[in-house]
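Asker: Provided herewith is a single structure, encoded as structure tokens, for subsequent inquiry.
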Amino acid sequence: MTTDTDMWAPDQAPPAAGPLMPERPRDVDAERVLVATAMQQPNIVDELGAEGFDPADITTDAYRWIWWAVEELQGAFRDGELRQLAVHRQLEAWHAEGRMTIRPPAAEQLLALYQEAHPGNAAWYAQRITKKAVAARVVALGYDAVLKGASPAFDEDTDVAAIQADLDGVLRTPDDGDMAPIGDLLLDSLKRATTPPTNDDRIPTGFMDLDALLCGGWAPGQLVVVGARPAMGKSTLAQDFARGAAIKTKIPTLFESLEMSKDELSDRILCAEARIPHHHLKQGIVSDIDMARAAKHAPDIAAAPLWIDDGALLSLPVLRGRVRNLVRTQGLRLVIVDYLQLMQAPRAENRQQAVAEISRNLKLIAKDFGITVVVLCQLNRGPEQRQEKKPLVSDLRESGAIEQDADIVILLHREDAYDRESPRAGEADLIVGKHRGGPTATITVAAQLHYARMIDMAEA
């Protein structure tokens with residue numbers, strides 16, 4: 001039987017484990033049988049590749065080169081050919097060109113290897129190799145974590161977040177894992193054409209007309225941008241989205257507040273739910289009748305799966321780590337960030353690039369974890385410089401990448417913010433300026449800011 005060391009030149013054996021680094025997990029027997037089977041049945045190279053097998057997970061250099069040689073030659077193999085000889089010629093050619101740095105196995109070694117094939121079991125051996133490769137990445141990540149933790153320059157925010165991000169990549173997925181021929185997809189398309197969608201995967205926004213426009217609410221993987229000028233009530237609207245999801249329908253929600261404290265948000269949510277004048281609560285003069293309503297609503301608020309964080313410094317790695325933990329432990333489905341321009345910006349050449357990086361990564365968080373991310377955003381002074389003050393999507397401040405990355409853009413506008421005598425005082429427009437794959441419209445809601453809330457016009 002061919003052994004692992006037989007395939008190596010004397011000075012090219014695998015590196016030994018270090019004092020802290022344990023020996024790399026590997027399954028050399030599985031590697032040997034797999035490449036032997038590949039020489040006998042070259043079609044498994046494409047079959048296993050389509051299922052996500054990565055030859056980079058083969059730890060023995062000589063075996064990995066044999067796999068690549070079969071991959072190179074599979075279209076040129078002839079029936080009845082001694083394929084190990086063709087592989088040997090290919091390896092010798094690569095070595096002569098300087099492309100293959102190790103000494104190729106001798107022809108008799110390849111013959112002995114060829115005889116160890118197990119036709120029909122290739123997928124099982126590939127799974128063994130992949131499993132060991134995942135274990136090896138975990139070991140390497142643990143070693144890296146030890147080095148980071150022992151370093152005098154250890155930073156609990158950036159280093160822990162980096163380790164968590166690396167852990168996400170331990171399980172590789174093939175780039176074309178979602179690829180499918182149109183014929184396989186067409187039947188589902190025809191079925192969807194005559195089957196109304198359900199709202200099982202949707203998150204209610206808290207507003208009936210907005211839910212109707214969005215086919216039931218927010219969808220997994222969406223980045224929703226809510227833009228407004230200061231003092232329009234965008235934080236109030238964000239709280240309403242959180243209430244609609246967490247309190248009304250018990251959907252796990254994370255509210256990242258970079259502007260208001262946890263206590264202030266708690267006060268405002270209580271006022272919105274129990275219809276308590278916010279200024280009365282701030283002054284500590286809430287009436288007995290209002291307190292009775294507060295007592296009635298308190299159990300539902302307390303039981304809501306709503307987490308509020310008011311840390312002033314929120315970076316993308318920290319947010320990603322927090323989301324990862326809550327998705328795993330609590331089934332998190334909605335994240336609200338108030339607001340984008342207050343997030344810690346990554347290093348970039350200018351502010352526009354930094355904001356674009358934040359925007360892109362928020363979209364990736366939504367997509368990677370299958371959740372909805374709602375982020376508030378300041379608008380520039382464009383509305384105030386126009387005769388008609390209604391905002392436009394182009395007013396999104398600092399970067400056009402925000403509009404590009406967003407699946408939905410909602411612009412908040414109140415006429416009474418500019419004209420207190422407006423006949424539309426107490427109303428707010430939710431201008432859906434972008435809706436990827438759906439219609440746009442303007443939804444009018446009642447702005448009951450004295451209760452720190454906005455509600456459907458029908459409830460006002």
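Coordinate-derived values only; no laboratory data. Note that the structure is predicted; figures quoted are calculated from it, not measured. Using ideal geometry, Cβ is built from the backbone for each residue, glycine included, and neighbour counts are taken over all protein chains shown.
Asker: Nearest 5 is fine: what % of DSSP beta bridges in the range 208-459 come out antiparallel, could you say? Don't jump to the answer; show the numbers that get you there.
Answerer: On the way: 17 of 40 bridges.
Close to 45 percent.
Asker: A follow-up question, please. Can you tell me, using C-alpha contacts under 8 Å and at least 6 residues apart, the relative contact order of the chain as a whole percent? Kindly include the intermediate steps, with their values, before the conclusion.
Answerer: Numbers: 700 pairs, mean separation 68.5, N = 460.
Value for the chain: 15 percent.
Asker: Where a Cα-Cα gap under 13 Å defines reach, which aspartates and glutamates qualify for Lys363, not counting those fewer than 8 residues away within the same chain?
Answerer: Result set, ordered by chain and number: Glu403, Asp405, Asp407.
Asker: Related question: Could you calculate the contour length gain from Ala140 to Asp288, that is, 0.36 nm times the residue separation minus the distance between their Cα atoms, to one decimal place in nm?
Answerer: This chain segment gains 47.1 nm when fully extended.
Asker: Within straight cross-link reach of Lys389, meaning Cα distance under 14 Å, which aspartates and glutamates are found once same-chain residues fewer than 8 apart are removed?
Answerer: Those aspartates and glutamates meeting the cut-off are Glu415, Asp416, Asp419, Asp429.
Asker: Which of the DSSP-defined H helices in the chain satisfy a minimum axial length of 30 Å, computed from C-alpha atoms, and a minimum mean Kyte-Doolittle hydropathy of -0.5?
Answerer: Answer set is 122-150.
Asker: Go through 428-436, 127-135 and give me the packing order, highest mean Cβ count within 10 Å leading.
Answerer: 428-436, 127-135
Asker: Another question about this same structure. Going by C-beta contacts inside 10 Å, put Met39, Met457 in order with the fewest on the left.
Answerer: Final ranking by Cβ density, sparse to dense: Met457, Met39.
Asker: As an exercise, find the ratio Rg/Rh for the range 208-459 from alpha-carbon atoms, using the Kirkwood inverse-distance average for Rh. Write out the running numbers ahead of the final one.
Answerer: Working: Rg = 17.8 Å, Rh = 18.6 Å.
Rg/Rh: 0.95.
Asker: Cα to Cα, under 22 Å, and not fewer than 8 places away if on the same chain: which lysines meet these conditions relative to Lys132?
Answerer: none
Asker: Oh, and also: Of the listed pairs Lys390/Lys434; Lys282/Lys390; Lys248/Lys296; Lys250/Lys296, which have alpha-carbon separations greater than 26 Å here?
Answerer: Pairs exceeding 26 Å: Lys282/Lys390.
Asker: Using Cβ contacts closer than 10 Å as the measure, can you line up Met454, Met232 from fewest to most?
Answerer: Met232, Met454
Asker: Here is a follow-up. Considering only C-alpha atoms, what is the centroid distance from the range 410-460 to the range 232-246, in Å?
Answerer: 12 Å
Asker: Something else about it: Going by average Cβ neighbours within 10 Å, how do the peptides 186-194, 115-123 rank, with the highest at the top?
Answerer: 115-123, 186-194
Asker: Please give the peptides 103-114, 45-56 ranked by average Cβ packing (other Cβ atoms within 10 Å per residue), highest first, as a rough proxy for protection.
Answerer: The packing order, highest mean first, is 103-114, 45-56.
Asker: Helix-derived [θ] at 222 nm for the chain: sum -39500 (n - 2.57) over DSSP H runs of at least 4, divide by residue count, nearest 500?
Answerer: After summing the helix terms and dividing by the residues of the chain, the value is -13500 deg cm²/dmol.
Asker: Among (i) 67, 59, 46; (ii) 70, 51, 44; (iii) 94, 58, 45, find the value of Cα extents along the principal axes in Å that was calculated from the structure presented, and write down its label.
Answerer: Read-out from the structure maps to (iii).
Asker: Arrange His278, His450 by Cβ neighbour counts within 10 Å, fewest through most, would you?
Answerer: Values: His278 20, His450 14.
Fewest-to-most Cβ neighbours within 10 Å comes out as His450, His278.
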